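K.L.:
Please read through the structure below; I'll follow up with questions.
The values are calculated or read from the model by the stated rules, or taken from the named source; none is laboratory data. What you see is a predicted model, and the numbers here were worked out from it, not measured in a lab. Here the Cβ is made from the backbone with ideal geometry for all residues, glycine too, and neighbour counts use every protein chain on show.
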Amino acid sequence: MKIIQSFAKFEEGSPYDKKNKNAHLNFYSFLLSYLTLNKYYGHVTMICNQEAYDGFIKYIPYDEIIFLENKYDFIFWSAYKLDAIRLIDDDIIHVDTDVFIFDDLFRPFIDGDYDIIVQDIIKWHDGTLKEYVNKNADFLRDSQIINANKYDNGFVSCGVLGLKNRVKNRYYDAVDKTYHAMKDGLIRDTTDKWYAMILEELTLYFVLSNNRYKTYNILSPELIKEIGTQYVGDLSKYTHMWFSSKFEERNVELIKRKIRIEFPYYRSLIDKYDMEMVNN
């Protein structure tokens, strides 16, 4: 089982950090994410492009770095993550760099007979995804991705996305068909701001719907309905720094404090990075 993270720097920034205004602050969440993964699973591989490595990833003590240059337009930012997963010929768990775990949460997937592990499977509350499915029903049917009549407005939240090798081909077949349809202008009446989510999370939901894959949810969908994602995350010892929250000053200071208290050996990394940022 391979534990990986990935990150590509785009000129446009990230969906939550336009024009890279706060890119240097990624260091703190990346470091805590790596340290929590390394605590429970040892070896963690980072897959990144050279520009991201030179920016701040070089300061983080990943056990392995694999360079993969970014060939995608910004609207397809999730495609880089999917290529990083595809690069590894092994059972794999990809963990987003703004996810922190505080227990051995992946063990049921690693030791069990599950095919896929995800953060959770949820239902979209407005009609955006249903509209995409209905307006592109012919493409989805002809590509053997999903029957639009069977879609129930669900999708997968992929803060964590793990795949056993045996199921990767079906997922990537659907991903590739969808990506090329988007590139060739065959997707109807869907703004490109949704492309990255459709490509990764919605397409995975289609694959799960069409196959009897055994899927492990880190966060209980039933409990989320009752008390909400944040509270379930707290109970499960799982934190996902949603959207731009990882760049907020208060949260950055909390992350630093967490590292200094729980991983005191790595305090010097924070001090060194802070000093270099001041000097630059």
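K.L.:
Taking segment 112-121, which residues are surrounded by fewer than 15 Cβ atoms within 10 Å (Cβ to Cβ) and closer than 18 Å to Leu219 by Cβ?
P.N.:
Gly112
K.L.:
Any residue in segment 63-75 that is surrounded by 15 or more Cβ atoms within 10 Å (Cβ to Cβ), part of a loop (DSSP other than H, G, I, E, B) and β-branched (Val, Ile, Thr)?
P.N.:
no
K.L.:
Still on this structure: Within segment 122-177, track down each residue that is part of a loop (DSSP other than H, G, I, E, B), crowded, with 18+ Cβ neighbours inside 10 Å and aromatic (Phe, Trp, Tyr).
P.N.:
The answer is Tyr151, and nothing else.
K.L.:
Out of Ile101, Ile75, which single residue is touching a residue at least 60 places away in the same chain (Cβ under 8 Å), under 22 Å from Tyr265 (Cα atoms) and of a type outside the set (D, E, K, R)?
P.N.:
It is Ile101.
K.L.:
Tell me yes or no: at least one residue of segment 222-231 is touching a Phe, Trp or Tyr at 6+ places or on another chain (Cβ under 8 Å) and of a type outside the set (Asp, Glu).
P.N.:
Checked segment 222-231: no residue is touching a Phe, Trp or Tyr at 6+ places or on another chain (Cβ under 8 Å) and of a type outside the set (Asp, Glu).
K.L.:
Step by step: first the residues of segment 78-111, then only those that are over 11 Å from the mean Cα position of the chain (by Cα), buried (at least 16 other Cβ atoms within 10 Å of the Cβ) and of a type in the set (Phe, Trp, Tyr), then the one that is farthest from Lys246 (Cα to Cα). Which residue is that?
P.N.:
Out of the qualifying residues, it is Phe109.
K.L.:
So, Thr178, is that one of a type in the set (S, T, N, Q), modelled with pLDDT under 95, under 13 Å from Tyr132 (Cβ atoms) and in contact with a helix residue (DSSP H, G or I) (Cβ under 8 Å, 6 or more places away or on another chain) or not?
P.N.:
Details: of a type in the set (S, T, N, Q): yes; modelled with pLDDT under 95: no; under 13 Å from Tyr132 (Cβ atoms): yes; in contact with a helix residue (DSSP H, G or I) (Cβ under 8 Å, 6 or more places away or on another chain): yes.
Answer is no for this residue.
K.L.:
Exactly one of (1) of a type in the set (D, E, K, R); (2) farther than 30 Å from Asp189 by Cβ; (3) in contact with a Gly (Cβ under 9 Å, 6 or more places away or on another chain) is unmet by Asp96. Its number?
P.N.:
(2) is the only condition that Asp96 fails.
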